[in-house]
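The structure under discussion appears below in the form of structure tokens.
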Amino acid sequence: MNSVRSVIESNSARKAVIAFYLFIYLTMGLYTELNLMELFPIPEHLLQDQRYYDRALHAALDHKDPYAVRKIGIGYLYPPQALIIIEPFSHLQPFFVRVAIYSVVNIALLGFMVYGVAKYYRYSIETVWYWFVLCFGFAPFLELLHIGQINVITMFGIFAMFFWEETSPIRSGAGWSLAVITKVSPLLFLGYLAVNKRFKVILAGIVVTICLSLFSVLRYGISPLLTYPNVFAGLLGQFLLTKNSQTLAAKLAVANYPEFQQFLAKLPEALSQVVGSIVTVLTGQYQIVQRTYIVYILAVLLISSVLTLRGRQSKEPLFILTALGMMLAPNILWYHHYVFMLLPLLVWMGSSGLNPSVVIWCCIGLLLVQIDRRFPPYGLLIHLFNNISMWIILYGQIRQFYPKKADSELVPALKAQS
């Protein structure tokens, strides 16, 4: 009788903790989105990015240059094949019908991904119901719906690649192709697919991409396809250091921020000088900082690839690291790009068997994203969370690859602590 009562009490306590966490999570997510609405009011700025897409689409249909405007923020800088995905939405009228359909499509795709990951790891909806709350209440997703970005479509392509890579190479390859033509950076998954010997998926992805490219040539002419390499090269050379930019370089280049100067003033003089000098160097060398970060992420993926291949390890660690690396590495990173955190964290939780430590850690990270948008240090903690996550996963791979050595080093350390 006592054991039954203790189980009921523990379940009640767990539900109370989950409910409290989700209350805070949703509150902060809505707070962040409401702040965005204050800066970009509705309906004036609703689906504002799709206006830039429409401009590029109409130019392409008129056989003009869709890349005439190349300024980050107001220019269309995706591959021309992405216009194939954008065009159906552009024809929807009136405007609020377009908003409604675009929103429903994105919500449905995200919901399908949550359901798909749960199904892949054989969890019932009753077990992982909170995943839906985490995803639908995620502030970057709300921002994405607000401004009309297409990152959920890209993420769905990555999901399709992951979900069907073992059972349907054509679907998996088509998913990878969809991700690549809408974002380019998912090309990074080529290494993941090669390490896991998914050569049919790679072939299918290449064939689908070629077919989409040919269709874009027939629809928009060959000029956009020939122009895009120059556009992409120019994109690689641009760095933004505003508070809105979420790159690591932008988060560290804060020497001239009033908030940082106020922070320095509160430190002891000696420490203030050291910290100020370091941040001044990071601010002045922001390009080197970002490129070093890219090299570091590629090194992590290379090590993970070797461990996966040589150790015949499961695909999940390399997938999670590739997904996080794809999000963090580009020199252009906006808050709504953090929607790409959702899929790898769902896979991490699912593949861990819903290990409480993993679930709690992922929930902490998602809550950080909700909070760290509008409060100092304005996104640096998100980078810290993602990098610690990458180290945890990589360490797990090393432990698995060198089990005896790792255990022999861990036991004396535990004895020393006791």
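The values are calculated or read from the model by the stated rules, or taken from the named source; none is laboratory data. Since the model is a prediction, treat every value here as computed from it, not as a measurement. A quick note on method: Cβ atoms are made from the backbone with ideal geometry, for glycine too, and the neighbour counts reach across all protein chains shown. Remember, those area values only see protein heavy atoms, side chains included, never the ligands or the DNA or RNA. Shrake-Rupley method; radii C 1.70, N 1.55, O 1.52, S 1.80 Å.
Evaluation of Gln262 against the conditions (1) of a type outside the set (Ser, Thr, Tyr); (2) touching a Leu at 6+ places or on another chain (Cβ under 9 Å); (3) over 30 Å from Pro66 (Cα atoms) shows that the sole unmet condition is (2). Just checking, how many residues over segment 219-234 are of a type outside the set (Val, Ile, Thr), buried (at least 17 other Cβ atoms within 10 Å of the Cβ), out of contact with any Ser or Thr (no Cβ under 8 Å at 6 or more places or on another chain) and within 15 Å of Arg70 (Cβ to Cβ)? Of the residues in segment 219-234, 1 are of a type outside the set (Val, Ile, Thr), buried (at least 17 other Cβ atoms within 10 Å of the Cβ), out of contact with any Ser or Thr (no Cβ under 8 Å at 6 or more places or on another chain) and within 15 Å of Arg70 (Cβ to Cβ). Being over 17 Å from Tyr335 (Cβ atoms), in a loop (DSSP other than H, G, I, E, B) and open to solvent by less than 10 Å² (accessible area, probe 1.4 Å) is the filter here, so list the residues in segment 102-158 that pass it. Val128, the sole residue that qualifies.
One line per residue, one yes/no per condition, for (1) among the hydroxyl-bearing types (Ser, Thr, Tyr); (2) touching a Cys at 6+ places or on another chain (Cβ under 7 Å); (3) farther than 30 Å from Asp62 by Cβ; (4) assigned to a loop (DSSP other than H, G, I, E, B):
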{"residue": "Leu218", "(1), (2), (3), (4)": "no, no, no, no"}
{"residue": "Asn244", "(1), (2), (3), (4)": "no, no, yes, yes"}
{"residue": "Ala255", "(1), (2), (3), (4)": "no, no, yes, yes"}
{"residue": "Phe263", "(1), (2), (3), (4)": "no, no, yes, no"}
{"residue": "Gln273", "(1), (2), (3), (4)": "no, no, yes, no"}
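The set of residues in segment 9-50 that are free of Cβ contacts under 8 Å to residues at least 60 places away in the same chain, open to solvent by 70 Å² or more (accessible area, probe 1.4 Å) and in a helix (DSSP H, G or I) comprises Glu9, Arg14, Lys15, Val17, Phe20, Phe23, Leu34, Glu38, Leu39. Quick check on this structure: which one of Phe89, Phe96 is out of contact with any helix residue (DSSP H, G or I) (no Cβ under 9 Å at 6 or more places or on another chain), over 30 Å from Asp372 (Cα atoms), aromatic (Phe, Trp, Tyr) and not in a loop (DSSP other than H, G, I, E, B)? Criteria check complete, one pass: Phe96. Across segment 26-79, the number of residues qualifying as over 30 Å from Phe232 (Cβ atoms) and of a type outside the set (Ser, Thr, Tyr) comes to 13.
Being among the aliphatic types (A, V, I, L, M) and under 18 Å from Thr182 (Cβ atoms) is the filter here, so list the residues in segment 52-99 that pass it. Selection gives Ala56, Leu57, Ala60, Ile72, Leu77, Ala82, Leu83, Ile84, Ile85, Ile86. Residues that are under 17 Å from Leu26 (Cα atoms) and either of a type in the set (A, V, I, L, M) or surrounded by 18 or more Cβ atoms within 10 Å (Cβ to Cβ) (or both) within segment 366-379 comprise Leu366, Leu367, Leu368, Val369, Gln370, Ile371, Asp372, Arg373, listed in sequence order.
Within segment 172-203, how many residues are open to solvent by 10 Å² or more (accessible area, probe 1.4 Å) and either small (Gly, Ala, Ser) or in contact (Cβ under 8 Å) with a residue 12 or more places away in the chain (or both)?
17
Among all residues of segment 129-138, there is none that is touching a Gly at 6+ places or on another chain (Cβ under 9 Å) and among the aliphatic types (A, V, I, L, M). The residue list Asp54, Asp62 contains one member that is open to solvent by 40 Å² or more (accessible area, probe 1.4 Å) and of a type in the set (Asp, Glu), which is Asp62.
From the list Thr322, Thr308, Thr280, the lone residue that is part of a helix (DSSP H, G or I), touching a residue at least 12 places away in the same chain (Cβ under 8 Å) and under 28 Å from Thr32 (Cα atoms) is Thr322. Among the residues of segment 293-300, is there at least one that is more than 20 Å from the chain's Cα centre (by Cα) and of a type in the set (Phe, Trp, Tyr)? Scanning segment 293-300 turns up no residue that is more than 20 Å from the chain's Cα centre (by Cα) and of a type in the set (Phe, Trp, Tyr). For segment 240-292, taking the residues that are modelled with pLDDT under 85 and aromatic (Phe, Trp, Tyr), the one that is most open to solvent (accessible area, probe 1.4 Å) is identified as Phe263.
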